[in-house]
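J.: This is the structure I have questions about; it appears just below.
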Amino acid sequence: MKITSQKREENRFTIEVEEDYSSFLKAIDQAFAQASKEIRVPGFRQGKAPRDLIEKAVNRDVIEARAAQDLISDIYPKIVDELKFDPVDYPNVEILQQEKDKPFKFRVAVDVYPEVKLGKFKGLKVDKKKVEVAEEEVLKVLGNLHDRLSQAGPEGQSEKKPLDDEFAKKVSGFGTLAELKQEISQSLLKQRESEVEADVKNKLISQVSSEAKLSLPAAMIDHEIDLMLDELKGSLAQSGLTLDGYLKGIKKEMKTLRDELRKSAEIRARGKLVLRAVAEEEKITVSDDEAKEELKAMAIASGRDPNEFEKEVDPVARKFIDDYVLRRKALDFILEKASIKLVESKKEENK
């Protein structure tokens with residue numbers, strides 16, 4: 001492999017490469033060998049027909065196209081490794097020369113992660129709402145539960161059971177109404193704490209993003225929109241709906257929905273980039289043990305065996321997981337270095 005030229009314009013990296021013709025011939029031989037396993041030649045067991053008969057049975061242009069594709073697929077990781085760039089998406093490939101006894105030449109164009117100039121990301125100041133649950137909120141949840149479980153009487157009238165220890169025993173694993181109320185309170189508290197923690201982290205990411213200078217690659221925004229659509233599909237599936245059905249229901253085309261998601265996708269993509277940059281600046285890394293712990297958690301959450309799940313994760317998915325853990329660690333670092341001020345929820349909401 002020989003890199004004959006390389007050029008970067010903003011986030012677009014273009015590389016021209018040439019490979020010895022002998023390597024292309026080897027790729028052609030391998031393509032013919034693969035074809036022999038896929039086609040049937042009368043009088044021969046599959047995969048056992050002579051090469052000359054295989055050549056007559058298949059289109060050579062198709063074989064050479066497969067050989068070129070396979071050869072480029074083998075070479076591309078070496079290009080990435082040698083030039084040390086970080087691709088955002090799959091590359092666009094153009095074959096420049098594919099002639100007998102001449103070097104095999106091709107051009108690769110790919111969007112790469114942009115350079116990020118970080119601003120301030122340590123000692124950031126952010127407000128955090130105090131978390132509390134009022135007695136009336138617990139009673140409201142309890143009342144709703146009570147209403148849903150009321151039984152209809154002989155004349156179709158609702159017969160409400162007394163809101164007492166017996167009711168608590170019937171609707172939960174608790175022996176008293178006081179215990180049930182405590183559980184509802186704790187559940188609401190945990191939910192609020194999660195929401196408040198997420199709010200603080202989002203504020204920090206927003207601050208770091210606003211301080212940073214970078215140019216977002218178009219491919220990264222499109223990829224983020226794809227992820228958001230996948231998340232929407234998952235959410236709809238829980239209600240027994242499909243994305244196509246959802247679009248018909250709201251009378252929108254897919255392009256319109258993608259356009260509407262673009263701004264949020266830009267914000268999310270920018271946040272991911274600055275977290276990666278913070279990790280790089282602070283030399284934060286992800287160990288094998290940390291990656292395996294994340295895989296284990298994902299397996300358990302999906303009801304899978306962790307060992308089997310780990311075996312099925314391909315290198316692309318593993319890199320995605322590593323990146324996720326890396327960004328999370330970077331955010332934890334920013335949070336650790338931040339100045340958090342507790343504020344009353346009502347006061348902050350009235351600002």
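J.: With Kirkwood's inverse mean 1/r over C-alpha pairs for Rh, give me the Rg to Rh ratio of the chain, two decimals please.
T.: My calculation puts Rg/Rh at 1.11.
J.: Give, rounded to the nearest 20 debye, the magnitude of the charge dipole that segment 125-349 has about its Cα centre when Lys and Arg contribute +1 at Cβ and Asp and Glu contribute -1 at Cβ.
T.: Dipole of segment 125-349, to the nearest 20 debye: 720 debye.
J.: If the cut-off is 13 Å between C-alpha atoms, which aspartates and glutamates fall inside it for Lys255, apart from same-chain ones fewer than 8 positions away?
T.: Cross-link targets: Asp222, Asp226, Asp244.
J.: When Lys and Arg each count +1 and Asp and Glu each count -1, what net charge do the other residues less than 14 Å away from Lys84, Cβ to Cβ, add up to? Provide the component values of the computation, followed by the final result.
T.: Details: positive: Arg8, Lys78; negative: Asp81, Glu82, Asp86, Glu115, Glu280.
After counting each charged neighbour, the total is -3.
J.: Looking at Phe24, Tyr90, Thr4, which one has the Cα that reaches farthest to the positive end of the dipole of segment 2-111 (charges on Cβ: Lys, Arg +1; Asp, Glu -1)?
T.: Phe24
J.: Which shape class applies to segment 260-351: rounded if a/c is under 1.5, otherwise prolate when a/b exceeds b/c and oblate if not, where a ≥ b ≥ c are the square roots of the Cα gyration tensor eigenvalues?
T.: prolate
J.: Quick check on my link table: of Lys128/Lys337; Lys201/Lys248; Lys84/Lys117; Lys128/Lys283; Lys283/Lys319, which ones sit more than 25 Å apart, alpha carbon to alpha carbon?
T.: Result: Lys201/Lys248; Lys128/Lys283 exceed 25 Å.
J.: Could you tell me which residue out of Leu204, Ala218, Ser185 lies farthest along the dipole of the chain toward its positive end? Charges go on the beta carbon: Lys and Arg +1, Asp and Glu -1, centred on the Cα centre.
T.: The listed residue farthest towards the positive side: Ala218.
J.: Here's a follow-up. Taking the Cβ-Cβ separation of Glu183 and Ser302 as r and a Förster radius of 30 Å, what is the calculated FRET efficiency to the nearest 0.05? Write out the running numbers ahead of the final one.
T.: Details: r = 27 Å, r/R0 = 0.90.
E between Glu183 and Ser302, to the nearest 0.05, is 0.65.
Taken together, the values in this text are just the output of simple stated rules run on the coordinates, not laboratory data. What you see is a predicted model, and the numbers here were worked out from it, not measured in a lab. No Cβ is skipped: glycine too gets one built from the backbone with ideal geometry, and neighbour counts run over all protein chains shown.
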